[in-house]
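Below: one structure, written as structure tokens.
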């Protein structure tokens, strides 16, 4: 371990591992250290012994739900958008060779006290209970505008400037009802609150295009998920880094951070001293250099012995409960997966609920979600405060990642990756052209 490196990376969360892999491909000599004895940090997938030790230390796991090795429970419940930026990075870096993906069976939204499938094709749209006949026509007109819009063809703009008109004004232009606005904004554009309504429509347009493109890519839903859990993602990027010469050390606490002239210079561990002019780290390594965003996330990992009711016995689903539907300011998310994804013992399902905490009784805030998922065999809850770096790292060359938000996807994570990459290297991350059809089929691993 001792020696000189171009970059030292502390923590093996997904953000850190992607950056480690990308910088190794760029020819950087990378040393990657984690104080934990497993990959993934806050984005790890744990077996039940680890999970109970973390969230119910007074109640050790005793094989009541099958063999420990059959379980890989995500600490951060998210799915990949099949046309999203993380998928692009996976293809660009060829990390897809290390893992296999399975499509999530359906995307659902809560409305009027029940859940309904978000339509993934015209047939489903016609029969959907989410809106009436005339509203479906208005929705169809709105989506046709989104699909046909081309930046360089003014004739497709319908007299609208997406950088000036607010999203609420654009909805109103098509006469859409409040419930339809909820559906589009939260189940398709995947906003977690309604602040977007009063912002320029451009970003929401981009998000809807991403959603529609992701659904169109494989059908059924816009989401894919790696077999054996999300913890496979950081491990895949770690393997990539190692192939390009990266050095990894788990179970290695940092004893001292070294500085020269106020800038990062290296670290000291039980293995000796490693030097580098740059460090990338998760917030736990430099608590004095991060601040709270003022938000906390509650996550409930629920073990079930049945599929989620009203999902046609789907082996997996993403369910969004828009804040307006339950009198909240932030959406509630439910990610459900099963033994079909090799993350739990056969006959069991895992539903992970998450949201931003709004009251001093956060467990009660999850009640609408518990009603959706039905009876549970056990529930493990955790609360995490969200942190962000105080500065951009340009002065001391310490670049810190953001905490993982409660959103249902990884788009904000890849935004952080690209932002840190540019600050460290001085140039934008440029991804190669999309994969061929054969490569995409290999990526999906969809049968």
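What follows draws every value from the coordinates through simple rules; no lab data is involved. Model, not experiment: these values are computed from the prediction. Don't worry about glycine lacking a Cβ; one is built from the backbone with ideal geometry, like all the others, and counts go over all protein chains shown.
Reported to the nearest whole Å, the Cα centre-to-centre distance from segment 71-140 to segment 319-345 is 12. Between residue 228 and residue 59, the simple label model (points 7 Å from Cα in the Cβ direction) yields a spacing of 3.0 nm.
Stretched out straight at 0.36 nm per residue, the stretch from residue 4 to residue 217 would grow longer than its current Cα-Cα span by 72.2 nm. The shape of segment 27-109 comes out oblate: with a ≥ b ≥ c from the C-alpha gyration tensor, a/c is at least 1.5 while a/b does not beat b/c. Highest mean packing first, where packing is the average number of other Cβ atoms within 10 Å per residue, the peptides 69-80, 269-280, 377-388 line up as 69-80, 269-280, 377-388.
For a quick protection proxy, order the peptides 115-122, 257-264 by their average other-Cβ count within 10 Å, most packed first. Write down the numbers at each step before the final one.
Numbers: 115-122: 17.4, 257-264: 12.8.
Those peptides, ordered most packed to least, come out 115-122, 257-264.
For the pair residue 378 and residue 149, label points projected 7 Å from Cα toward Cβ lie 4.8 nm apart. Full extension of the chain between residue 358 and residue 415 gives 18.0 nm of extra length, using 0.36 nm per residue less the Cα-Cα distance.
Under the classification rounded if a/c is under 1.5, otherwise prolate if a/b is larger than b/c and oblate if not, where does segment 119-218 fall, given a ≥ b ≥ c as square roots of the Cα gyration tensor eigenvalues? The shape class here is rounded. When the scattering of segment 65-174 is computed by the Debye formula from its Cα atoms alone, each counted once and equally, what is log10 I(q)/I(0) at q = 0.12 Å⁻¹? Each listed q corresponds, in turn, to -0.74. Calculated from the structure, Cα extents along the principal axes in Å equals which of (i) 70, 58, 48; (ii) 76, 66, 44; (iii) 71, 51, 44? Given (i) 70, 58, 48; (ii) 76, 66, 44; (iii) 71, 51, 44, the calculated one carries the label (i).
Beta-bridge orientation, the chain: approximately 75 percent antiparallel, per DSSP, counting only bridges with both partners inside. Judged by the mean number of other Cβ atoms found within 10 Å, the most tightly packed of the peptides 244-252, 2-10 leads the ranking 2-10, 244-252.
What is the angle, in °, between the Cα long axis of helix 14-25 and the longest principal axis of the Cα atoms in the chain? Nearest 10 is fine, range 0 to 90. With rounding to tens, the tilt is 60 degrees.
Each of 363, 341, 409 was scored by other Cβ atoms within 10 Å of its Cβ. Arranged with the fewest first, they read 363, 341, 409. Once the Cα atoms are used to define both axes, helix 411-425 deviates from the longest principal axis of the chain by about 40 degrees.
With each label modelled as a point 7 angstrom along the Cα→C-beta vector, the residue 195-residue 174 pair spans 2.4 nm. Springs between Cα atoms under 10 Å define the GNM used for the chain, and in it the highest mean-square fluctuation of 125, 281, 369 occurs at 125. The angle between the Cα long axis of helix 133-148 and the main principal axis of the chain comes to about 50°, on a 0 to 90 degree scale.
Comparing 190, 176, 14 in a Gaussian network model of the chain (Cα springs below 10 Å), the most mobile by mean-square fluctuation is 176.
Taking 313, 152, 168 as the candidate residues, the one with maximal mean-square fluctuation in a Gaussian network model of the chain, Cα springs under 10 Å, is 152. Would you please classify the overall shape of segment 198-318 from the alpha carbon gyration tensor, given that a ≥ b ≥ c denote the square roots of the eigenvalues, rounded means a/c under 1.5, and beyond that prolate means a/b larger than b/c while oblate covers the rest? In terms of gyration-tensor shape, prolate.
Reported to the nearest whole Å, the Cα centre-to-centre distance from segment 11-66 to segment 353-407 is 17.
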